[in-house]
Amino acid sequence: MTVYSFSHRNSLARGALSVSSSANANGSADVSTSNRNRGGGGRNRNTEASSSGQRASKIPRTPQKKRTFSSTTTTTTSLSASSSSSSSPSPSPTASNSRSSSSSSPTASNSRTCSARGTRAVELLPVYLTDARAVDCYCPEACPDGALQLSVAENQMLEDLLVPAVREFASASSSSSEEEDNQTFYADMIYYQPTPGRPSLRRAVADYLRRILSLPGSLDAEGLVVGAGCNAVLENLCICLAEPGEGVLIPTPYYAAFEFDLVARARLEIVPVPTMGHHPEVAIAIANDDDDNLVAVPPEAYYPNRSALDAAVEASRARGVEPKILLLSHPNNPLGVCYPPSVVRECIEWGRENEIHVVSDEIYAGSVYRESATNTDGPTFESALSVAAGHPRSDGKADDGLGIGPYVHFVYALSKDFCLSGLRVGAAYSENPDIRLPMQKLNDLCQISSQTQLLVEKMLTAPSASQDGEGGYWSTDDFLPEARRRMKARCEKLESCLNEAGIPHLTSDSGMFVWMDMREFLPAREDGNGSGEESQETIDKRERTLYLELLQKHGLLFTPGRSMKNELPGFFRCVFTAASDHEFDLGLERIVNFVNEKRAP
């Protein structure tokens, strides 16, 4: 069998499996099987043994590099500009040399009941989440001057459609042809479930993904693991691909909580990939701009390419961190745009050539609501799975699934497209045979309840109510089109306001975000308009001052760009779906008031 690059932790996960696990037709172990008799009362003993996880003999642990952290999060709740020297006070441990060791950390040393690693996990959370919990939020009656929450990626625009539908699915009988009787709860649901998810749910998810991603073929359901949210399945996937201390490359700016998701327990190193300097025309223009003549940053400036990836790998290795994963957010959070197919293809080809795994996080794939304003080389959105499909195997054998090869992987969840962040339903997909079994076993730690699995299966397989018996599905033919229509209308309203106010921004085509350029309103440099290079600490301080002014004085809580490792200060992510219609309109008024006040003579 061809052995591909994967982590030593795979062996640990495999070793923890029950020796009684049987091999299925595809050669992978059947980690856990559901009770075959729908009404049967007896537990499947192989299932019980497998799920309880008999431990194998100890395997020597890989030596781990010592990590350093400092405790800063506890000071950020004051929301003062001096509480953090950066708008990103929780960077990855390798992103800054200023972090003191945990032994000198006040929080770690003063705690008698919490472990140091527990404390460090909290420190990895983005500061804007702390700020969001520390401020008085807007309430029309009780707190009319409170802050409007426009920084956390939730969609509050679809309750009227979603809640009644979910209630109906929860009470409806299953329509699955596998069910011997039409019940809302089956006897086998009280027992341990198949570790990667119930087979009928995995097939439903695979078919749903084929529809929304417009895939050229069907996913192999055996490569699909359904777990408790995108962060959980992403963490497990990356544990299977890399060892503690190895690197995850992420183009900047990126979703700040990746630093928590992949560092807190997986103990990986985040390696930011700056891109602007690797697009010559953009780099020259930005280098020559000044505070009185700011150059608009086009979306192309954020696209990763070979030059940017090679430079990031070289810099990472110079720090003693070996990159093993390239993580793409596509459609992109926080930019609100899709990478063109050519960019995705270049990343995949580069990853294969360098034996670096490419993980495509496509959690916003169902929220592409208009054509790209700049992409001319193909559709606005093309999944990495489609781009990678048809890759020939080195042994010449045919693949089950799309044929994406061992170095391309995929994660998704229902939290964004379906606004179901509370249900905790995520999915990871890989056609790498070496990691399938470890992924399934690790999912023991984050399985979804059997009742939620059945609910989601019903939701994804429910027939369309608008197709007049012509086929179709509620999920992809009824709900998502209306969701996209509402998101597009809300986005256009925000962009119209920004255009009238003269605030540059990217033209969004997907997701919940508009990426705003508010450099005009940054405080002046402490050295005046000096031409010398500005320190990162000073840059971060200036952005945080603007961020706190927007929050404290104008009640606008945006996501600061530097918390997402943006290369330039003064950029903010606005989550335009995170508010009611009334709150959103009030937010537009507050943006206009802020601009007028700042530009007043």
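The values are calculated or read from the model by the stated rules, or taken from the named source; none is laboratory data. Predicted, not measured: the structure shown is a model, and the values here were computed from it. So basically every Cβ, Gly included, is an ideal-geometry build from the backbone, and we count neighbours across all protein chains shown. Areas reflect the complete protein model, heavy atoms only, side chains present, ligands, DNA and RNA absent. Shrake-Rupley method; radii C 1.70, N 1.55, O 1.52, S 1.80 Å.
Table for the structure above
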quantity	calculated
Charge tally in the Cβ shell below 14 Å around GLU314, where Lys, Arg are +1 and Asp, Glu are -1, GLU314 excluded	+1
Centroid-to-centroid separation of region 483-524 and region 554-582 [C-alpha atoms, Å]	10 Å
Under 5 Å, built H, 5+ apart or other chain: amide partners of ALA147	ASP136, CYS137, TYR138
Cα→Cβ-extended label distance, 7 Å offset, between GLU500 and GLU353, nm	4.9 nm
Accessible area expressed per residue, region 203-356, with surrounding protein chains retained (probe 1.4 Å, Å²)	33 Å²
Per-pair calculated FRET efficiency, R0 = 35 Å: GLU533 and ARG133 via Cβ, rounded to 0.05	0.45
Vicinal HN-Hα couplings computed from phi for region 232-239 (Karplus, 6.51 cos²θ - 1.76 cosθ + 1.60; Hz; Gly/Pro x)	5, 6, 5, 4, 4, 4, 5, 4
Pairs beyond 24 Å (Cα-Cα), from LYS541/LYS565; LYS416/LYS553; LYS416/LYS541; LYS488/LYS541; LYS324/LYS565; LYS565/LYS598	LYS416/LYS553; LYS416/LYS541; LYS488/LYS541; LYS565/LYS598
Built amide H within the under 5 Å cut-off of VAL271, gap 5+	VAL248, LEU249, ILE250
Total formal charge among the other residues, if their Cβ is under 11 angstrom from that of LYS416, Lys/Arg +1 and Asp/Glu -1	-4
Rounded, prolate or oblate (a/c below 1.5 giving rounded, otherwise prolate when a/b exceeds b/c) for region 190-255 by Cα gyration tensor	oblate
Using a Förster distance of 22 Å, the FRET efficiency for ARG210-ALA465 (Cβ separation, nearest 0.05)	0.55
Coarse-grained scattering of region 417-571 at q = 0.18 Å⁻¹, given as base-10 log I(q)/I(0) from a Debye sum over alpha-carbon atoms	-1.11
Pairwise FRET efficiency - LEU445 versus SER115, Cβ, R0 = 25 Å, nearest 0.05	0.85
Surrounding net charge for ARG490, when Lys and Arg each add one and Asp and Glu each subtract one, Cβ distance under 14 Å	-2
Fully extended contour minus Cα-Cα distance, from SER307 to THR184, at 0.36 nm per residue	38.8 nm
Percentage of interatomic Cα-Cα distances in region 450-502 larger than 12 Å	71 percent
Rounded to whole Hz, the Karplus (6.51, -1.76, 1.60) HN-Hα couplings of region 564-577, x for glycine and proline	10, 6, 5, 6, 10, x, x, 9, 9, 9, 9, 8, 7, 9
